[in-house]
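One structure below.
The values are calculated or read from the model by the stated rules, or taken from the named source; none is laboratory data. Computed from a prediction, not measured in an experiment: that's the story for all the values here. Quick reminder, even Gly has a Cβ in these numbers, built from the backbone with ideal geometry, and neighbours come from all protein chains shown.
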Amino acid sequence: MSWSADGKDLASASDDGTVPIWNARTGQHLVTYADHPDHVTAVEWSPDGKRIAAASDNGTVQIWDATSGRHLLTYGDHYNGIWSLSWSPDGTRIATTGVHASVQVWNARTGSTILTYSGHSNYVHIVAWSPNGKYIASGGADQTVQVWSAQTGSTLLTYPMQDTTVVTLAWSLDGTHIASAGLSQLVQVWQA
């Protein structure tokens with residue numbers, strides 16, 4: 001699920017290929033975006049609240065206008081499904097990852113690939129931009145959290161998890177720490 005920028009609405013990913021939008025206060029269903037041909041695996045509102053990105057098991061990302069529901073763009077060349085996506089704080093790029101050992105960074109307006117990060121040695125489950133937009137953190141089945149440059153793709157830091165696949169991570173609001181969790185029922189907090 002993803003909150004709208006103003007905190008009034010929620011978008012949810014669905015196995016039936018749809019992205020329903022809900023009023024968070026009343027629970028009222030507002031609209032459903034329904035163009036995905038496969039399960040929707042990740043959804044996120046753009047930082048300005050004007051667009052919604054949704055990823056699918058078919059390896060594509062679709063972008064919609066959040067106000068009108070108009071389909072704006074479909075892109076992606078992941079050979080398998082996408083598990084995670086994250087908008088850059090300025091809304092110009094989207095990072096995606098899934099059933100492969102890389103993270104793709106896309107131009108959010110054109111769908112062209114800007115860079116591919118290949119620092120992981122196994123599937124990458126989760127990706128997240130730092131609050132200042134300079135760094136990206138990713139984690140996965142190679143049991144590491146990696147922090148890398150959003151501009152160059154160069155690896156800056158690698159944090160080893162304790163014998164577990166990384167399934168989720170989050171930056172602190174000030175960008176100084178990263179929390180990560182895996183399949184071992186352990187949450188670790190790192191100094192970023």
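Would you check if residue 13 is out of contact with any Gly (no Cβ under 7 Å at 6 or more places or on another chain), under 24 Å from residue 154 (Cβ atoms) and part of a loop (DSSP other than H, G, I, E, B)?
Numbers: out of contact with any Gly (no Cβ under 7 Å at 6 or more places or on another chain): yes; under 24 Å from residue 154 (Cβ atoms): no; part of a loop (DSSP other than H, G, I, E, B): yes.
Considered against the rule, which asks whether it is out of contact with any Gly (no Cβ under 7 Å at 6 or more places or on another chain), under 24 Å from residue 154 (Cβ atoms) and part of a loop (DSSP other than H, G, I, E, B), residue 13 comes out as no.
Have a look at 55, 11, 24, 101 and point out the one that is more than 29 Å from residue 148 (Cα to Cα) and out of contact with any helix residue (DSSP H, G or I) (no Cβ under 6 Å at 6 or more places or on another chain). Steps first, answer last, please.
Details: 55 fails: more than 29 Å from residue 148 (Cα to Cα); 11 fails: more than 29 Å from residue 148 (Cα to Cα); 101 fails: more than 29 Å from residue 148 (Cα to Cα).
Sole residue among the options that is more than 29 Å from residue 148 (Cα to Cα) and out of contact with any helix residue (DSSP H, G or I) (no Cβ under 6 Å at 6 or more places or on another chain): 24.
Out of the residues in segment 159-187 meeting the condition of being outside any strand (DSSP E or B) and closer than 17 Å to residue 121 by Cα, tell me which one is nearest to the chain's Cα centre (by Cα). Walk me through how you get there before you give the answer.
Filtering segment 159-187 for residues outside any strand (DSSP E or B) gives 161-165, 172-176, 183-186.
Checking the rest, the ones that are also closer than 17 Å to residue 121 by Cα come to 161-165.
Values: 161: 20, 162: 24, 163: 24, 164: 21, 165: 17 Å.
It comes out as 165.
Quick one: how many residues across segment 6-34 are under 17 Å from residue 85 (Cα atoms) and of a type in the set (Val, Ile, Thr)? Walk me through it before giving the result.
Here is the first cut: in segment 6-34, the residues under 17 Å from residue 85 (Cα atoms) are 10-15, 17-19.
Filter again for of a type in the set (Val, Ile, Thr), leaving 18-19.
Total satisfying the criteria: 2.
Is at least one residue of segment 85-92 out of contact with any strand residue (DSSP E or B) (no Cβ under 9 Å at 6 or more places or on another chain) and of a type in the set (S, T, N, Q)? Let's see the steps before the verdict.
In the first step, residues of segment 85-92 are kept if they are out of contact with any strand residue (DSSP E or B) (no Cβ under 9 Å at 6 or more places or on another chain); the result is 90.
Still in the running and of a type in the set (S, T, N, Q): none.
Among the residues of segment 85-92, not one is out of contact with any strand residue (DSSP E or B) (no Cβ under 9 Å at 6 or more places or on another chain) and of a type in the set (S, T, N, Q), which makes the answer no.
Counting just the residues of segment 18-38 that are farther than 18 Å from residue 70 by Cβ and modelled with pLDDT under 90, which one comes out nearest to the chain's Cα centre (by Cα)?
Pass one, segment 18-38, residues farther than 18 Å from residue 70 by Cβ: 22-29, 37-38.
So of that shortlist, the ones also modelled with pLDDT under 90 come out as 37-38.
On the way: 37: 19, 38: 17 Å.
Per the stated criteria, the residue is 38.
So which residues in segment 135-145 are within 16 Å of residue 83 (Cβ to Cβ) and under 16 Å from the mean Cα position of the chain (by Cα)?
136, 137, 138, 139, 140, 145 - these are the residues of segment 135-145 that are within 16 Å of residue 83 (Cβ to Cβ) and under 16 Å from the mean Cα position of the chain (by Cα).
When the residues of segment 170-192 are narrowed to those that are out of contact with any strand residue (DSSP E or B) (no Cβ under 7 Å at 6 or more places or on another chain) and among the aliphatic types (A, V, I, L, M), which ends up farthest from residue 2 (Cα to Cα)?
The extreme case among them is 186.
Does residue 130 satisfy the criteria of being farther than 19 Å from residue 87 by Cα and either touching a Phe, Trp or Tyr at 6+ places or on another chain (Cβ under 9 Å) or modelled with pLDDT under 95 (or both)? Lay out the reasoning, then the answer.
Numbers: farther than 19 Å from residue 87 by Cα: no; either touching a Phe, Trp or Tyr at 6+ places or on another chain (Cβ under 9 Å) or modelled with pLDDT under 95 (or both): yes.
For residue 130, the condition - farther than 19 Å from residue 87 by Cα and either touching a Phe, Trp or Tyr at 6+ places or on another chain (Cβ under 9 Å) or modelled with pLDDT under 95 (or both) - is not met.
Considering only residues that are small (Gly, Ala, Ser), in contact (Cβ under 8 Å) with a residue 24 or more places away in the chain and surrounded by fewer than 20 Cβ atoms within 10 Å (Cβ to Cβ), which ones fall in segment 11-42?
Initial filter on segment 11-42 (small (Gly, Ala, Ser)): 11-14, 17, 24, 27, 34, 42.
When the remaining residues are screened for being in contact (Cβ under 8 Å) with a residue 24 or more places away in the chain, the result is 11-14, 17, 42.
Answer for segment 11-42, where residues must be small (Gly, Ala, Ser), in contact (Cβ under 8 Å) with a residue 24 or more places away in the chain and surrounded by fewer than 20 Cβ atoms within 10 Å (Cβ to Cβ): 12, 14, 17.
Hey, among 88, 84, 130, which residue is under 19 Å from residue 43 (Cβ atoms) and surrounded by fewer than 23 Cβ atoms within 10 Å (Cβ to Cβ)? Before the answer, list the steps.
Numbers: 84 fails: surrounded by fewer than 23 Cβ atoms within 10 Å (Cβ to Cβ); 130 fails: under 19 Å from residue 43 (Cβ atoms).
Exactly one residue qualifies, and that residue is 88.
Considering only strands (runs of 3 or more DSSP E) fully contained in segment 61-134, which possess at least 3 residues that are over 14 Å from the mean Cα position of the chain (by Cα) and touching a residue at least 24 places away in the same chain (Cβ under 8 Å)? Quick ask: steps written out before the conclusion?
Working: elements: 61-65, 71-75, 82-87, 93-98, 103-107, 113-117, 124-129.
Correct list: 71-75, 113-117.
Take segment 135-153 and flag every residue that is touching a Gly at 6+ places or on another chain (Cβ under 6 Å) and either of a type in the set (A, V, I, L, M) or without any contact (Cβ under 8 Å) to a residue 24 or more places away in the chain (or both).
Result: 145, single match.
For residue 156, work out the one condition from (1) in a loop (DSSP other than H, G, I, E, B); (2) without any contact (Cβ under 8 Å) to a residue 24 or more places away in the chain it doesn't fulfil.
If we test residue 156 against (1) in a loop (DSSP other than H, G, I, E, B); (2) without any contact (Cβ under 8 Å) to a residue 24 or more places away in the chain, just (1) comes out false.
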